[in-house]
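Below: one structure, written as structure tokens.
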Amino acid sequence: MNRGEPLPLNDTVVISTTLEAPLIEHPRVYASDNPAIAARMALQSLKIEKRYDRIVIGIDPGKAIGMAVVGDGRVLSASVLSSPEDLRDEVLYYTETYSADLFLIRIGDGDHTIRDRIIREIWPLSLEIEVVKEQEIEKKERRAVEFARTKKDASDIAAAIGIALIEGSVLRRQPEVRPSDGELREIQRRSRIQSGGRVTISKELARQVATGEKDMDEALREQGGA
């Protein structure tokens, strides 16, 4: 098909960048600056027709981040992510793929630094966010198995499902990311290990690693230990 030709409407989806999407006249345009995400959104749209009353995205924060998507009590999808910065595109994918009267984020209160980094990433999406007390959740191990690749993944996903299924406290304002002194010392310890004992990054650089402003490699280069 040549540029400028009209697009067929039946059984067709259009994959586009976010910049070009407003220029395309078609009822099923899936846009992302990440082509893989746009393609996944388009493929998923061909499979999903049901509209849900409520879809809850449960998030278990930690070094490995469990994520579960629950529509009207049914687990629709689940995965494990490695970085808080991955969450925004994942949440956006599900809110644009599934149809629901309400989308709600529920996040566990366990790892405060990772939790607050995640919240800051997804805050611009303007979704309702609840913080759930993790000591009150019941891990849904059986429901997690079909989505997990390893036992560790299953544990993180089971926690995320449990978080999605329990009511939390509505978050009214965006939190600041404030790592504890213990977390900063742990990051400094890891910097010594990663640099082969040559250097320990400063407390300020450790704070920037904890908040996601820098990764460890960047901090080591700035400290002069790379």
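Could you list, in sequence order, all residues of the range 101-124 that are β-branched (Val, Ile, Thr) and at pLDDT below 95? Scanning the range 101-124 gives Thr113, Ile114, Ile118, Ile119, Ile122. Of all residues in the range 134-181, exactly one satisfies the criterion of being in contact with a strand residue (DSSP E or B) (Cβ under 6 Å, 6 or more places away or on another chain), open to solvent by 60 Å² or more (accessible area, probe 1.4 Å) and at pLDDT below 85, namely Arg143. Scanning the range 96-109 for residues that are more than 12 Å from the chain's Cα centre (by Cα) and either of a type in the set (D, E, K, R) or surrounded by fewer than 18 Cβ atoms within 10 Å (Cβ to Cβ) (or both) yields Glu96, Ser99, Ala100, Asp101, Leu102, Asp109. One residue is enough: does the range 63-79 have a residue meeting the conditions on the phi > 0 side of the Ramachandran plot and modelled with pLDDT of 80 or more? Yes, there is a match, as at least one residue in the range 63-79 is on the phi > 0 side of the Ramachandran plot and modelled with pLDDT of 80 or more. At least 2 residues being among the basic types (Lys, Arg) is the threshold, and among the helices (runs of 4 or more DSSP H) wholly inside the range 145-226 those reaching it are 151-164, 181-194, 203-210. Residues that are among the polar types (S, T, N, Q) and farther than 15 Å from Arg117 by Cβ were ranked within the range 191-217; the one that is surrounded by the fewest Cβ atoms within 10 Å (Cβ to Cβ) is Ser202. Here Ser16 clears all of (1) open to solvent by 20 Å² or more (accessible area, probe 1.4 Å); (2) more than 28 Å from Arg178 (Cα to Cα); (3) modelled with pLDDT under 90 except the condition numbered (1).
Taken over the range 112-132, the residue count meeting the criterion of being open to solvent by 40 Å² or more (accessible area, probe 1.4 Å), hydrophobic (A, V, I, L, M, F, W, C) and outside any helix (DSSP H, G or I) is 1. The residues of the range 81-92 that are open to solvent by 10 Å² or more (accessible area, probe 1.4 Å) and in a helix (DSSP H, G or I), listed by number, are Glu85, Asp86, Arg88, Asp89, Glu90, Leu92. Of all residues in the range 57-80, those satisfying the criterion of being surrounded by fewer than 24 Cβ atoms within 10 Å (Cβ to Cβ) and touching a residue at least 60 places away in the same chain (Cβ under 8 Å) are Gly62, Ala64, Gly73, Val75, Ser77, Ser79, Val80.
When Gln188 is tested against (1) open to solvent by 30 Å² or more (accessible area, probe 1.4 Å); (2) in contact (Cβ under 8 Å) with a residue 60 or more places away in the chain, exactly one condition is not met: (2).
The values are calculated or read from the model by the stated rules, or taken from the named source; none is laboratory data. What you see is a predicted model, and the numbers here were worked out from it, not measured in a lab. Don't worry about glycine lacking a Cβ; one is built from the backbone with ideal geometry, like all the others, and counts go over all protein chains shown. The area values use the complete protein model at the heavy-atom level, side chains included, leaving out ligands, DNA and RNA. Shrake-Rupley method; radii C 1.70, N 1.55, O 1.52, S 1.80 Å.
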